[in-house]
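**Student:** This structure is in structure tokens; I'll ask about it shortly.
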Amino acid sequence: MKIIVAIKQVPARDSQLRVDSAGKWIQTSDLSFEVNEPDAYALEAALQLKEKNGGEVVALCAGPVGASQTIREALAKGADRALHIEDDTLTNQDTLAVSRLLAKAASTENPDLILTGLQSDDLGSGQTGVVIAELMGMPHATIIMEVEKKDASIRVKRELEDGWFQHVELPLPAVLTIQSGISKLRYATLMGIKKAKTKEVKRLTAAELGIAPQATVTIEKVYAPVKTKQTQILEGTAREAAAKLVEKLKFEVRVL
């Protein structure tokens, strides 16, 4: 069973983010990076499936040259090898453009299963997994809590609203987006870190995949939200003031 896990490099959670001098992105020169946490749970799910059923886990990452550190982390935890689509322009590409790169690279491997995290910690669109499934013509399921391998299919448990769950059986190959927090993440062992240095990392470019790089998103400005305070005194009787408050909550704040 060959499992591909899409992983993304994101700034470490405790990073102090600052807007760059151009005002169009964050300053990355002094940031530390890590594996996107939801993708780490996808990797853990893949490694557990491999331990139960055998096979191979391949990490797939699209990102700049510096993303190799994140890839090595996935290899140190147990991934067998990796594919690295080297591209420094991903901040100017939307989910569809990035998914095309990932889908094209994944299709060269003929995987049985593709796993992604539910969403990314930086952009949080939550679309990559399902777009990959559409591009590759594969069945998919989202917010996965459990995965069980059958003969030629998989049975998954999906999280729904209000504490409800759904069990679905899908034919292989398929794409799943894994819910965060479903298991305890493993640490890379010293032996795993040593082995990661010798594992294969195949480097690809958009041109080699037959995809012409193009900007699909234009970032005009990045800025921190402005914090303001405003106090309003609602005049009139208690009934009149309450009516005014409800109106403001409904039409201005829009929480009702």
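The values are calculated or read from the model by the stated rules, or taken from the named source; none is laboratory data. From a predicted model like this one, the values you see are computed outputs, not experimental measurements. Here the Cβ positions follow ideal geometry from the backbone for every residue, glycine too, while neighbour counts run over all protein chains shown.
**Student:** Does Ala224 fit the bill of being part of a loop (DSSP other than H, G, I, E, B), without any contact (Cβ under 8 Å) to a residue 60 or more places away in the chain, aliphatic (A, V, I, L, M) and on the phi < 0 side of the Ramachandran plot? Lay out the reasoning, then the answer.
**Tutor:** Working: part of a loop (DSSP other than H, G, I, E, B): yes; without any contact (Cβ under 8 Å) to a residue 60 or more places away in the chain: no; aliphatic (A, V, I, L, M): yes; on the phi < 0 side of the Ramachandran plot: yes.
When the stated conditions are applied, Ala224 does not pass them.
**Student:** Let me ask something additional. Within segment 108-131, which residues are more than 19 Å from Ser153 (Cα to Cα) and part of a helix (DSSP H, G or I)?
**Tutor:** Thr128, Val131, listed by residue number.
**Student:** When you go through Leu115, Leu135 one by one, which is the residue that is closer than 12 Å to Val5 by Cα and of a type in the set (A, V, I, L, M, F, W, C)?
**Tutor:** Values: Leu135 fails: closer than 12 Å to Val5 by Cα.
Result of the check over Leu115, Leu135: Leu115.
**Student:** Now for a different question. I need the full set of residues from segment 144-189 which are buried (at least 19 other Cβ atoms within 10 Å of the Cβ) and either basic (Lys, Arg) or part of a strand (DSSP E or B) (or both), in order please.
**Tutor:** First, the residues of segment 144-189 that are buried (at least 19 other Cβ atoms within 10 Å of the Cβ): 144, 147, 154, 156, 170, 173-179.
Correct list: Ile144, Val147, Ile154, Val156, Leu170, Ala174, Val175, Leu176, Thr177, Ile178.
**Student:** Every residue in segment 227-255 that is assigned to a loop (DSSP other than H, G, I, E, B) and either among the charged types (D, E, K, R) or within 32 Å of the chain's Cα centre (by Cα) (or both), please.
**Tutor:** First pass over segment 227-255, keeping only residues assigned to a loop (DSSP other than H, G, I, E, B): 227-237, 252-255.
Hits for segment 227-255 are Lys227, Lys229, Glu235, Glu252, Val253, Arg254, Val255.
**Student:** Could you tell me which numbered condition Asp162 fails, if it satisfies all but one of (1) free of Cβ contacts under 8 Å to residues at least 12 places away in the same chain; (2) under 23 Å from Leu101 (Cα atoms); (3) among the charged types (D, E, K, R)?
**Tutor:** That leaves (2) as the condition not met.
**Student:** Taking Ala188 as the residue in question, decide whether it is in contact (Cβ under 8 Å) with a residue 40 or more places away in the chain and touching a strand residue (DSSP E or B) at 6+ places or on another chain (Cβ under 8 Å).
**Tutor:** Criteria not met by Ala188.
**Student:** In the list Ala196, Ala141, which residue meets the criterion of being touching a residue at least 24 places away in the same chain (Cβ under 8 Å), hydrophobic (A, V, I, L, M, F, W, C) and within 21 Å of Leu75 (Cβ to Cβ)?
**Tutor:** On the way: Ala141 fails: within 21 Å of Leu75 (Cβ to Cβ).
Answer to the check: Ala196.
**Student:** Please find, among Lys50, Lys24, the residue that is within 17 Å of Ala174 (Cα to Cα) and not acidic (Asp, Glu). So that I can check it myself, show each step before the final result.
**Tutor:** Numbers: Lys24 fails: within 17 Å of Ala174 (Cα to Cα).
The conditions single out Lys50.
**Student:** Among residues belonging to segment 220-250 that are at pLDDT 90 or above and of a type in the set (Val, Ile, Thr), point out the one that is farthest from Gln27 (Cα to Cα).
**Tutor:** Thr237
**Student:** Among the candidates Leu96, Leu90, which residue alone is modelled with pLDDT under 95 and either among the basic types (Lys, Arg) or over 21 Å from Ala174 (Cα atoms) (or both)?
**Tutor:** Leu90
**Student:** Taking the stated definitions as given, is Lys221 touching a Gly at 6+ places or on another chain (Cβ under 9 Å) and either surrounded by 13 or more Cβ atoms within 10 Å (Cβ to Cβ) or not aromatic (Phe, Trp, Tyr) (or both)? Spell out the reasoning first.
**Tutor:** Values: touching a Gly at 6+ places or on another chain (Cβ under 9 Å): yes; either surrounded by 13 or more Cβ atoms within 10 Å (Cβ to Cβ) or not aromatic (Phe, Trp, Tyr) (or both): yes.
For Lys221, the condition - touching a Gly at 6+ places or on another chain (Cβ under 9 Å) and either surrounded by 13 or more Cβ atoms within 10 Å (Cβ to Cβ) or not aromatic (Phe, Trp, Tyr) (or both) - is met.
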